[in-house]
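Chemist: The structure follows.
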Amino acid sequence: MPVPEEFPMQTSSTQRPADFGALRDAFERQLALCDSLETIADSLPDRLDRQECLHMSRLIGPLLKQAHDAEEQLLFPEVAAALGDPSIIETLRLEHIEDQCFAEEVQYELLLIGQGRPLLTPEATGYMLRGFFEGIRRHIRHEQDLLVRLSAGLARD
C-alpha cells in the first residue's frame, strides 16, 4: 500500500503541515533492502554473491536507523495526536528495537558470508533472512495503514 502523496495534517494557523517525503523515502529504502535480502536468500547456497553480502552487511544498520528516526519524528507524533492511543506508538517503538536487534544478527551473518566463513548453514541463513525482511515488510504495511487511517480521518474533519 503506497504512502499517500499528499498527507493532510491538522495544523494550527502558525504551523505548517509535516513533510512526509522523508517518510516515503524511508519506506522505499527499507523495501529495497528487503528485496535485496530476498535475492540473497534465493541465491543460497550456490549462486551467492559474497560482495553483495558484504555491501548489505554495511548498509543494514545505518538504513534502519535513518528509517526509524524518520518514522519516530514524522509519523509517531501524528499518530499519537490523531488516535490518542499511546499503546500504538509503544508497540511501534518496541518493533523498532526488535528490528534493530534482528538486523545486527543478519548484518553479522552477511559479513561472515562475505568473508567466506559463514556461521550458519545456508538453510538457516535463508530462514533468518526471510524472517527479517518479512518482519520489516509487515512493519511498513502497518505504518502505511496508519497513514491511510489518519488521512481518511482527517478528510472527514
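Chemist: Under the condition of being at pLDDT below 95, among the aliphatic types (A, V, I, L, M) and within 30 Å of residue 109 (Cα to Cα), which residue from the range 1-47 is surrounded by the fewest Cβ atoms within 10 Å (Cβ to Cβ)?
Modeler: Checking each candidate, the answer is 22.
Chemist: Any idea which of 57, 87, 36, 43 is in contact (Cβ under 8 Å) with a residue 24 or more places away in the chain and either more than 23 Å from residue 20 (Cβ to Cβ) or among the hydroxyl-bearing types (Ser, Thr, Tyr) (or both)?
Modeler: Result of the check over 57, 87, 36, 43: 57.
Chemist: Looking at the range 77-94 only, could you name the residues that are of a type outside the set (A, V, I, L, M, F, W, C) and either modelled with pLDDT of 95 or more or open to solvent by 50 Å² or more (accessible area, probe 1.4 Å) (or both)? Full working, then the answer.
Modeler: Filtering the range 77-94 for residues of a type outside the set (A, V, I, L, M, F, W, C) gives 77-78, 84-87, 90-91, 93.
Those that are of a type outside the set (A, V, I, L, M, F, W, C) and either modelled with pLDDT of 95 or more or open to solvent by 50 Å² or more (accessible area, probe 1.4 Å) (or both): 77, 84, 85, 86, 87, 90, 91, 93.
Chemist: Give me the helices (runs of 4 or more DSSP H) completely within the range 36-117, filtered to those with at least 2 residues that are touching a His at 6+ places or on another chain (Cβ under 6 Å) and of a type outside the set (Gly, Ala, Ser), ordered by residue number.
Modeler: Hits in the range 36-117: 86-114.
Chemist: Residues of the range 100-109 being touching a residue at least 40 places away in the same chain (Cβ under 8 Å) and within 18 Å of the chain's Cα centre (by Cα), which ones?
Modeler: Once the filter is applied, which keeps residues that are touching a residue at least 40 places away in the same chain (Cβ under 8 Å) and within 18 Å of the chain's Cα centre (by Cα), the range 100-109 yields 103, 104, 106, 107.
Chemist: So is residue 50 in contact with a helix residue (DSSP H, G or I) (Cβ under 7 Å, 6 or more places away or on another chain), surrounded by fewer than 17 Cβ atoms within 10 Å (Cβ to Cβ) and in contact (Cβ under 8 Å) with a residue 60 or more places away in the chain or not?
Modeler: Yes; evaluated as a whole, the condition is true for this residue.
Chemist: Within the group 60, 97, which residue is among the β-branched types (Val, Ile, Thr), open to solvent by 60 Å² or more (accessible area, probe 1.4 Å) and within 12 Å of the chain's Cα centre (by Cα)? Steps first, please.
Modeler: Numbers: 60 fails: open to solvent by 60 Å² or more (accessible area, probe 1.4 Å).
After applying the criteria, what remains is 97.
Chemist: Can you spot a residue in the range 110-122 that is touching a residue at least 60 places away in the same chain (Cβ under 8 Å), within 29 Å of residue 79 (Cβ to Cβ), of a type outside the set (A, V, I, L, M, F, W, C) and crowded, with 18+ Cβ neighbours inside 10 Å?
Modeler: Checked against the condition, which is being touching a residue at least 60 places away in the same chain (Cβ under 8 Å), within 29 Å of residue 79 (Cβ to Cβ), of a type outside the set (A, V, I, L, M, F, W, C) and crowded, with 18+ Cβ neighbours inside 10 Å, the range 110-122 yields no hits at all.
Chemist: Against the condition farther than 22 Å from residue 115 by Cβ, among the aliphatic types (A, V, I, L, M) and in contact with a helix residue (DSSP H, G or I) (Cβ under 8 Å, 6 or more places away or on another chain), how does residue 75 come out, does it pass?
Modeler: yes
Chemist: Looking for something surrounded by 14 or more Cβ atoms within 10 Å (Cβ to Cβ), small (Gly, Ala, Ser) and out of contact with any helix residue (DSSP H, G or I) (no Cβ under 6 Å at 6 or more places or on another chain) - is there at least one such residue anywhere in the range 146-154?
Modeler: Yes, the range 146-154 contains at least one residue that is surrounded by 14 or more Cβ atoms within 10 Å (Cβ to Cβ), small (Gly, Ala, Ser) and out of contact with any helix residue (DSSP H, G or I) (no Cβ under 6 Å at 6 or more places or on another chain).
Chemist: Ok, one more. Taking the condition among the β-branched types (Val, Ile, Thr) and under 15 Å from residue 26 (Cβ atoms), does residue 60 pass?
Modeler: yes
The values are calculated or read from the model by the stated rules, or taken from the named source; none is laboratory data. Bear in mind that the values here come from a model prediction, so they are computed numbers and not experimental data. Every residue, glycine as well, gets a Cβ built from its backbone with ideal geometry; the counts of neighbours run over all protein chains shown. Please note that ligands, DNA and RNA were not included when accessible areas were found on the heavy atoms of the full protein model with its side chains. Shrake-Rupley method; radii C 1.70, N 1.55, O 1.52, S 1.80 Å.
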